[in-house]
Amino acid sequence: MARQALLLIALAFVPAIGEAIYFRDRVSWQTPVPASELVTVDLARGWGTNAIWVDARTDEEFQRDHIPGATLLNEDRWNELLPQFLAQWSPDKKVVVYCSTESCNLALEVARRLRNEAQLKDVFVLQGGWEEWLKTKE
Amino acid sequence: MKTRILTFILSILWCAMARAELKWEQTTLELHPAIEDKDAVGHFKYQNTGDKPVRFKSVRTSCGCTVAQTQKDEVPAGEKGEITATFHIGERTGTQIKTVNVETDNPGQAVTVLTLKAVIPQLLEIKPTFVYWQADDAPQAKTISVTAAKDSPVTQIKVTSSNPEFQTKVEKVRKGEFKIDIQPKQTSKPMSATLTIQPENSPKMFNATASVMAVAAAKPMWTPPLMRQAVAPPPGTSPTPASPQP
C-alpha cells in the first residue's frame, strides 16, 4: 500500500520535472549574469566618484530621467556614443551599467560589449536596474 | 494497481489536452540576417485549436528595438494567424535575444513568451575597439586585430586617424585578417583619436578609439582618526575633549 502511494506520488512529479527541463531557460531564479558581474545600488553608490554610471536605455527614456551624472550608451547609437563614454573613462574607474526592469538585457549587452570589444575591466551591471535606483533614491 | 496507474496517466494527458487552445508552431525563432540588413523579422504562427475564440490582451516586447504586430485582436476557434516581430538591428553585434510577451484572455494560457534570437553577422570584427596609454607611458605601438567575416570579399582595409598625433600602420596577416599598429607621438599630454576602418570597396565604416589618458589626480593619503586622549583640564575649567584629526 505504502509502495503504491509512493509510486503514485513519484508519477505526479513527472509532468513537473518535464516542464522544468523544457522551460529551464525561463526559470526566474536563473540569472544570465554571473554574480561577480552584478552590483547592488548601495555598493555602487559607495564607490563614489570612482564609479561611471552608464544608461543603456533608449534616448527617450534617458531624456525623461536618469541617474544624475550618468552617460547614455545604447546600441542604437553605439558608434556615436562610445567615444563620449571613453573620454570619461580611466583605468581606476568602475563602470556600472543599468537599464529598466530586472528582465531587461540592454545593460547586459552594453556591459558585454564594453568587456569584449573595448576590453575594459571592472564593468558591472546594476542589480535591479533603474527601478532599484528609484526605490533607494535618497 | 495497473488500472490505477493507467487512469492517473490518462487524467494527466486529458488535462494537458484540455488546456491548450492557442497552439504555436514555434515559440523560439533563430534568425540569420544578412550583413546589409537593417531589420530581422520573425513570424510566429499560431492556430486556435480550442472551441472558443481567444483574444489578445497585450503584446509587449522586451526592448524598444523590437516591434511586434498581431494580425487580429481576436482569433476565432480553428483559425490561424501570426505575430510578426521586427527587430531593428541598429549598431548591435553578436547574438541578440529579444522576447515578446503575449497575453491572452485564456486563463489556461495567460502569457506566452516568444523568443527571437538574431545572429548578427559582422563584416569586420575589431578587437579591441579601444586602446590607451597612461600618462607618461612609453609611447609604444599597440595592435588592433581586424578579422573579416567568412566568405566576405574583403581583401584590404583603409584606416584613417582623426588626430595626426596618432600614427597608424596596416598590415595584412593572412586572407581576411589584418592588424593595425597604432602609436602616439607622445604621452605627456592627454589626447585621443577616432580610427575609421573601412573595408575596400564597401561604404560601411567601423570605428576604434585611441587615447592617451590624463594624469590621475593624486589621492590624499588616508590616515586613521587619532584616538581621543583624555586630557586632565587645568583647575577651574571643564574638560574639553580633543577634536579628531582628519
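Add -39500 (n - 2.57) for each DSSP H run of 4 or more in the protein assembly as shown, then divide by its residues: what number comes out at 222 nm, to the nearest 500 deg cm²/dmol? Before the final figure, lay out the partial values.
On the way: 7 runs with 78 residues, N = 384.
It lands at -6000 deg cm²/dmol.
Cross-link partners of B:LYS72 among aspartates and glutamates, defined as those whose alpha carbon lies under 13 angstrom from its own and excluding same-chain residues fewer than eight positions apart: B:GLU82. Listed by chain and number, the lysines placed with their C-alpha closer than 16 angstrom to that of B:LYS179 are B:LYS127, B:LYS142, B:LYS158, B:LYS169; residues fewer than eight positions away on the same chain are left out.
What is chain A by shape, rounded, prolate or oblate, if you read a ≥ b ≥ c off the alpha carbon gyration tensor as root eigenvalues and call it rounded for a/c under 1.5, prolate for a/b larger than b/c, and oblate otherwise? Verdict is prolate for chain A. Most simply put, the protein assembly as shown has about 75% antiparallel DSSP beta bridges, counting only bridges with both residues inside it.
Sites counted here are chymotrypsin sites (Phe, Trp or Tyr not before Pro) in a DSSP loop (not H, G, I, E or B) having no more than 11 other Cβ atoms within 10 Å; the longest part of chain A that contains none of them is A:30-138.
Averaged across the residues of A:66-77, what count of C-beta atoms belonging to other chains lies within 10 Å of each residue's C-beta? Before the final figure, lay out the partial values.
Details: counts 0, 0, 0, 0, 0, 0, 0, 0, 5, 9, 7, 2.
Average neighbour count from other chains, rounded to a whole number: 2.
Amide H contacts of A:SER100: A:TRP130, each under 5 Å away and 5 or more positions distant or on a separate chain (H built 1.01 Å from N in the peptide plane; Pro and chain starts excluded). Straight-line cross-link reach from A:LYS93 at under 17 Å between alpha-carbon atoms covers these aspartates and glutamates, not counting any fewer than eight positions away in the same chain: A:GLU37, A:ASP42, A:ASP55, A:ASP122.
Mind ranking B:113-121, A:1-9 by how tightly packed they are, going by the mean number of other C-beta atoms within 10 angstrom, highest first? Don't jump to the answer; show the numbers that get you there.
On the way: B:113-121: 18.8, A:1-9: 9.4.
Highest mean packing first, the order is B:113-121, A:1-9.
Mean-square fluctuations from a GNM of chain A, with a 10 angstrom spring cutoff on Cα atoms, peak among A:GLY18, A:GLY69, A:GLY46 at A:GLY18.
Values quoted throughout were computed directly from the atomic coordinates according to the rules given, and no laboratory measurement underlies them. Owing to the predicted nature of the structure, the values given are computational and were not obtained by experimental measurement. Ideal geometry is used to build each Cβ from the backbone, glycine not excepted, and the neighbour counts take in all protein chains shown.
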